[in-house]
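Here the structure comes first, spelled out in structure tokens, and everything after it is commentary.
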Amino acid sequence: MAKGYAIKDPKNWTNFQVVDFELKTPEDDDVDIEIECCGVCGSDVHTISGGWGEFAVPFVIPGHEIVGKVTKVGKNVTEFKVGDRAGVGAQVGSCGTCAPCKSDNENYCVGDGKKGMVDTYNAKYADGSIAQGGYSTAIRAHQQFVFAIPEGLKSEDAAPMLCGGLTVYSPLLRNGAGTTAKRVAIVGIGGLGHFGVLFAHAMGAEVIAISHSPRKKEDALKMGASQFISTGEDPKWAENFARENPIDLIINTASSNAVDIPTLLSTLSVHGKLITVGMPEEALKPMKVQSFAGTGAFFGSSHIGSKKEAIQMLKLAAEKNIKPWTEVMPMSDCSKAVKRVEENDVKYRFVLTKTL
């Protein structure tokens, strides 16, 4: 039995109530973690407010950027022992047998007809067990979705990397940031975007930060951006990019359908890529094929990251001393945290520390 801060009604999505809940049915590959801290993700707000749809379970305990101490391991677990520090991100289950799962792409699991993708919260396992998140005292997860935290990382710094960081690190890595993609732009300097700047810079890319507001300029440059563009101040900002200094890779982290996708595509090098990881509640605006044809652009998305990538990311963060910009508060203040995320009043990630 564990305790957590739950939302029962998306119409009252800041009204957290402390509840008792059962962890998933224990299995031989499971790792139990006593939670020390948990990051607050924009996904938490989209979910508990009903913006991404109705609840799949009776109540939701959000949180999928979790770090704590291992308290129990199943008999098949070899990577962890009691007392180790470990984390869990935005996924806690997959079928383990489909083509993606067998190729270090379990974050793209398509299922085997019986088992499939299980999100860390607002989800059910195949046996009916309910997955609840990290605004709580404990979590139990399959060892494939548990990550060792390196010695060089503070728990409060590692936690928000397990979704926010991994969500941008994976597409940066898979699309050659710092190698084949020398010039990388990050659109939206918020919780995801600030990780995009930090990691792209650490991976050796020249980083262009793009934001609607000029207020983020000083912060973005401190994070490692070499150039800052305020689209609100300069509506013609994109005109000379393709001609003089095109961008190889754009990671769009903005959760808004107001982003001008055709203009972004026009700044890419030939066959450059635009990867969108921000997930607006509204549909994207219609686009013509001509918007892609001008530079032969590729337009795609990405879904969190694999365990292999999470381990690489955490290793890079420890080696390069990458520190997210966070505000730490007690978990009992989770209502204040999610409300401030919704109001975009955070620089740039909240981390909740255990109070239950």
The listed residue being more than 29 Å from Ser49 (Cα to Cα) and over 14 Å from the mean Cα position of the chain (by Cα), out of Asn122, Asn105: Asn105
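Here is a check on your reading of the model: is Pro171 touching a residue at least 24 places away in the same chain (Cβ under 8 Å) and either surrounded by 23 or more Cβ atoms within 10 Å (Cβ to Cβ) or not aliphatic (A, V, I, L, M) (or both)? Reasoning before the result, please.
Numbers: touching a residue at least 24 places away in the same chain (Cβ under 8 Å): yes; either surrounded by 23 or more Cβ atoms within 10 Å (Cβ to Cβ) or not aliphatic (A, V, I, L, M) (or both): yes.
When the stated conditions are applied, Pro171 passes them.
In the stretch 139-219, which helices (runs of 4 or more DSSP H) lie fully inside it and hold 1 or more residues that are in contact with a helix residue (DSSP H, G or I) (Cβ under 7 Å, 6 or more places away or on another chain) and farther than 30 Å from Asp32 by Cβ? Before the answer, list the steps.
On the way: elements: 155-158, 164-174, 191-202.
Helices (runs of 4 or more DSSP H) meeting the threshold: 164-174, 191-202.
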Checklist (1) surrounded by fewer than 14 Cβ atoms within 10 Å (Cβ to Cβ); (2) not assigned by TED's automatic domain parsing to the domain that holds Cys109 applied to Asp248, failing item: (1)
Selection count, the stretch 197-230, where residues are loosely packed, with under 15 Cβ neighbours inside 10 Å and within 19 Å of the chain's Cα centre (by Cα): 0
Matching residues in the stretch 53-78 - criterion: being surrounded by 15 or more Cβ atoms within 10 Å (Cβ to Cβ) and of a type outside the set (Val, Ile, Thr): Phe55, Phe59, Pro62, Gly63, His64, Glu65, Gly68, Lys69, Lys72, Gly74
Candidates Val45, Val92 - the one that is in contact with an Asp or Glu (Cβ under 8 Å, 6 or more places away or on another chain), closer than 24 Å to Glu282 by Cα and buried (at least 19 other Cβ atoms within 10 Å of the Cβ): Val45
Enumeration of residues in the stretch 15-43 that are farther than 18 Å from Ala158 by Cα and touching a helix residue (DSSP H, G or I) at 6+ places or on another chain (Cβ under 8 Å): Asn15, Phe16, Asp29, Asp30, Val31
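Would it be correct to say that Thr78 is part of a loop (DSSP other than H, G, I, E, B), among the hydroxyl-bearing types (Ser, Thr, Tyr) and within 23 Å of Lys124 (Cα to Cα)? Before the answer, list the steps.
Details: part of a loop (DSSP other than H, G, I, E, B): yes; among the hydroxyl-bearing types (Ser, Thr, Tyr): yes; within 23 Å of Lys124 (Cα to Cα): no.
So Thr78 fails the test.
Out of the stretch 77-92, which residues are in contact with a strand residue (DSSP E or B) (Cβ under 9 Å, 6 or more places away or on another chain) and either of a type in the set (Val, Ile, Thr) or over 15 Å from Leu162 (Cα atoms) (or both)? First the steps, then the outcome.
First, pick out the residues of the stretch 77-92 that are in contact with a strand residue (DSSP E or B) (Cβ under 9 Å, 6 or more places away or on another chain): 77, 79-92.
Selection gives Val77, Glu79, Phe80, Lys81, Val82, Gly83, Asp84, Val88, Val92.
The values are calculated or read from the model by the stated rules, or taken from the named source; none is laboratory data. Given the structure is predicted, the values throughout are model-derived calculations rather than measurements. FYI the Cβ positions are ideal-geometry reconstructions off the backbone, even for glycines, and counts take in every protein chain you see.
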